[in-house]
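The values are calculated or read from the model by the stated rules, or taken from the named source; none is laboratory data. What you see is a predicted model; the values in this text were computed from it and never measured. Reconstructed Cβ throughout: ideal geometry from the backbone, glycine too, with neighbour counts over all protein chains shown.
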Amino acid sequence: MQMRKDVHMTGQDLLGMVQVRPGDFGKIAIIPGTTERRDAILSFLEKPVKSFSFFEYSMFTGTYKGVKIAVGNGGRFSPDSAIIAEILCAGKVETIIRAGSCGALDEKIKVGDIVLATGSVRGDGVTPYYVDKDFKTVCDPGVTAALEKAAADNGVTMHKGAVWTTDALLRETREVVEGARKEGAIAVDMVSSALLTIAQLNKVRAASISAVSDNLITGELGFMNPDYYEAEMKVVDICLEAAKALSS
């Protein structure tokens, strides 16, 4: 016997499982990955309410300066980023902003700098199930522009370029890294490709901005560097201000 359905479980199915109705999230979602970044964003929201819990992931909805925003700790790796993206798209979110971290692929980009993605070099294992190898994953220009303006208003200088997404954190070898650089990548993460691609397929505006935690070219590891933590907080501020601007 073959499968009775074309797809065993869809984003709409997941939405029903977590008992969320389309529209409950609001129009804008910020996906920060870690619970620490999620909680930092929640500290700025008025009356945040938990929308759902799914495995160890939780989504909250609150308001920032009158703007309804959904915030969740999904988006740490490609598979969970895909699940969260599917749920948000099924929930009729119109804009998704990835507020994350990344490793630099340019010696001029320092730990504590901020990278604004223009698109993704897809090295993850999720998106080949959605699109073919020639598909171009790009960020929404309007959302990207809002993030760039919010950064400029806060006196933050950013690096703009493609972000390579990989699932193999401990296999970022010289050969693989140089291949991504040749495709135009200036940074690497484990999220943007899946989140951006699925949003793009669903015609949901999406963009990605990240604090630089390390540099693959110089070998610097800055995960405990105060400059990195400061950059994470700047990313939070930028995302919130961009969300406010996009709602007007």
(request) For the range 24-53, enumerate the residues that are within 12 Å of LEU88 (Cβ to Cβ) and touching a residue at least 40 places away in the same chain (Cβ under 8 Å). (result) ASP24, PHE25, GLY26, LYS27, ILE28, ALA29, ILE30, ILE31
(request) Please report, ordered by residue number, the helices (runs of 4 or more DSSP H) entirely within the range 1-111 with at least 2 residues that are at pLDDT 90 or above and of a type in the set (A, V, I, L, M). (result) 35-42, 78-90
(request) Would you please name the residue that is surrounded by the most Cβ atoms within 10 Å (Cβ to Cβ), looking only at residues in the range 33-83 that are of a type in the set (S, T, N, Q) and closer than 23 Å to PHE223 by Cα? (result) SER81
(request) Considering each residue of the range 192-248, count those that are surrounded by fewer than 24 Cβ atoms within 10 Å (Cβ to Cβ) and of a type in the set (S, T, N, Q), and give that number. (result) 7
(request) Only one of these is surrounded by fewer than 22 Cβ atoms within 10 Å (Cβ to Cβ), of a type outside the set (D, E, K, R) and outside any loop (DSSP other than H, G, I, E, B): ALA117, ALA146, ALA152, ALA180. Name it. (result) ALA152
